[in-house]
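*Asks:* First the structure, then my questions, so here it is.
Any read-out appearing in this document is the output of simple, stated calculations on the displayed coordinates, not a laboratory observation. None of these values were measured; they are calculated from a predicted model. Neighbour counts run over all protein chains shown; Cβ positions are idealised from the backbone, glycine included.
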Ligand code: ADP
Ligand code: MG
C-alpha cells in the first residue's frame with residue numbers, strides 16, 4: 001500500500017505540491033491526470049523516494065520509499081525510454097533485475113517481451129525499434145524487475161495516438177494478469193480514464209488533488225471502450241473537473 005500524508009514539496013519557496021493525501025491499495029491501478037506543471041512528476045518522484053517532501057510523508061508498505069526502491073520493489077517507466085543502446089531488447093529487460101541482485105530469469109524475460117508483441121525482436125537493439133516498441137521493452141523491463149509497484153510518468157507521451165491506444169490496451173491487460181500496483185501519470189484525460197481503476201485529478205497553483213473518480217468500466221477494456229457512452233461520460237466528468245473545479249460524482 002502507498003500512503004501520501006499531507007505531502008508538500010516546495011522548490012525555493014515555490015509550492016509544487018500542497019497537502020496531498022492519497023492512499024493506494026496493493027494491486028490498484030491509479031491514474032493521475034492534470035495540466036502541465038501541476039506537480040505530477042514531483043508527486044511521483046516523492047513516491048519513488050527521489051524527492052524529499054518539504055513536509056508530510058510517503059510510505060510504501062509502511063517503509064520509506066527509498067528503502068522500497070533500493071530493494072527493487074519499485075519499477076519505473078518514463079516518457080523517454082531509458083534503454084541501454086548497446087544492449088539488445090532481451091538484455092535490457094534482464095539487466096535491471098540483475099542490478100537489483102535478483103536471480104536471472106531469461107525465460108521469463110523472453111516470455112514478457114513476447115506477451116508485449118515483441119516476438120522476433122528479442123535480439124534487436126533499441127535503435128532498430130520504433131518508439132512504441134522501445135516503450136514496450138521499458139515496460140517489460142520494469143515488470144521483469146519483479147517490483148510490486150510500478151510508477152509510470154507519461155510513458156506514452158511521445159507516441160502517436162494509435163500506438164498509444166494499443167499500448168494502453170496491452171498495459172491494462174498486463175495489469176489484469178500481474179496485478180501490480182500502478183501509479184500512471186498523464187496529461188491525457190481519455191488515457192487516464194481508460195487505464196485507471198481510480199483517476200486522481202490534479203489542479204495547479206499550487207499542485208493539489210481536485211477530485212478522485214472511480215472509473216468502473218466493463219472488463220476487459222479494449223479499443224471498443226473508447227466509443228462507449230460510459231467511457232465518454234467519465235471523460236466528460238474529468239474534463240469538467242479540470243476546467244471548472246469540483247465535480248465529485250461520476251454521472
Ligand atoms: P508536471 O509533471 O505536472 O508537469 P512538475 O512536477 O514537473 O509538473 O513541476 C511542478 C512545478 O514545479 C512546475 O511549475 C515546475 O516548473 C516546478 N519544478 C519542477 N522541478 C523543479 C525544480 N527542480 N526546481 C524548481 N522548480 C521545479
Ligand atoms: Mg511531468
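*Asks:* With r as the distance between the Cβ atoms of residue 216 and residue 25 and R0 = 22 Å, compute the FRET efficiency 1/(1 + (r/R0)^6) and round to 0.05.
*Replies:* 0.90
*Asks:* Convex hull volume of the Cα atoms in segment 59-191, per residue, in Å³?
*Replies:* Output value, Cα hull per residue: 108 Å³.
*Asks:* In what order do 191, 166, 154 fall by count of nearby beta-carbon atoms within 10 Å, going from fewest to most?
*Replies:* With the sparsest Cβ surroundings first, the list reads 166, 154, 191.
*Asks:* Label residue 82 and residue 1 with points 7 Å out from Cα along Cα→Cβ: what is the distance between them in nm?
*Replies:* With each label point 7 Å from Cα toward Cβ, the separation is 2.9 nm.
*Asks:* Additional query: If one puts a single equal scatterer on every Cα of the chain and applies the Debye formula without solvent, what log₁₀ I(q)/I(0) results at q = 0.07, 0.14 Å⁻¹?
*Replies:* For the chain at q = 0.07, 0.14 Å⁻¹, log10 I(q)/I(0) is -0.23, -0.93.
*Asks:* Let me ask something else about it. For the chain, find the longest principal axis of its Cα atoms and tell me its angle to the long axis of helix 89-99, 0 to 90°, nearest 10.
*Replies:* That helix lies at roughly 70 degrees to the long axis.
*Asks:* Quick one: grab Rg to one decimal and Dmax as a whole number for segment 60-101, Cα atoms only, in Å.
*Replies:* Just the Cα atoms of segment 60-101 yield Rg and Dmax of 12.4, 38 Å.
*Asks:* Order by neighbour count: 243, 187, fewest other Cβ atoms within 10 Å first, most last.
*Replies:* Lowest count first: 243, 187.
*Asks:* Next up: So how far apart, in nm, are the two label points at residue 170 and residue 127 if each is 7 Å from Cα heading toward Cβ?
*Replies:* With each label point 7 Å from Cα toward Cβ, the separation is 2.3 nm.
*Asks:* If you take every DSSP beta bridge whose two residues both sit in the chain, what share of them, in percent to the nearest 5, is antiparallel?
*Replies:* 50 percent
*Asks:* Take every Cα pair under 8 Å in segment 1-75 that's 6+ residues apart, average their separations, divide by the length, and report that relative contact order as a whole percent.
*Replies:* Values: 118 pairs, mean separation 26.9, N = 75.
Value for segment 1-75: 36 percent.
*Asks:* Could I ask something else about it? Counting residues in segment 86-146 as N, plug N into 2.2 N^0.38 Å and put the Cα Rg over that result.
*Replies:* 0.98
*Asks:* Give the angle, between 0 and 90 degrees and rounded to the nearest 10, that separates the Cα long axis of helix 131-144 from the longest principal axis of the Cα atoms of the chain.
*Replies:* For 131-144 against the chain, the angle is about 90 degrees.
*Asks:* Restricting to DSSP H runs of at least four residues, report the calculated mean residue ellipticity at 222 nm for the chain, -39500 (n - 2.57) per run over all residues, nearest 500 deg cm²/dmol.
*Replies:* Mean residue ellipticity at 222 nm (helix-derived): -11000 deg cm²/dmol.
*Asks:* Calculate how steeply helix 229-244 sits against the longest principal axis of the alpha-carbon atoms of the chain, using the helix alpha-carbon long axis, and give the answer as 0 to 90 degrees to the nearest 10.
*Replies:* With both axes taken from Cα atoms, the answer is about 60 degrees.
*Asks:* If the chain between residue 14 and residue 236 were fully stretched, how many nm would it gain, using 0.36 nm times the residue separation less the Cα-Cα distance?
*Replies:* Extra length from residue 14 to residue 236 when fully extended: 76.8 nm.
*Asks:* Apply the a/c threshold of 1.5 to the C-alpha gyration tensor of segment 1-97 and tell me whether it is rounded, prolate or oblate.
*Replies:* prolate
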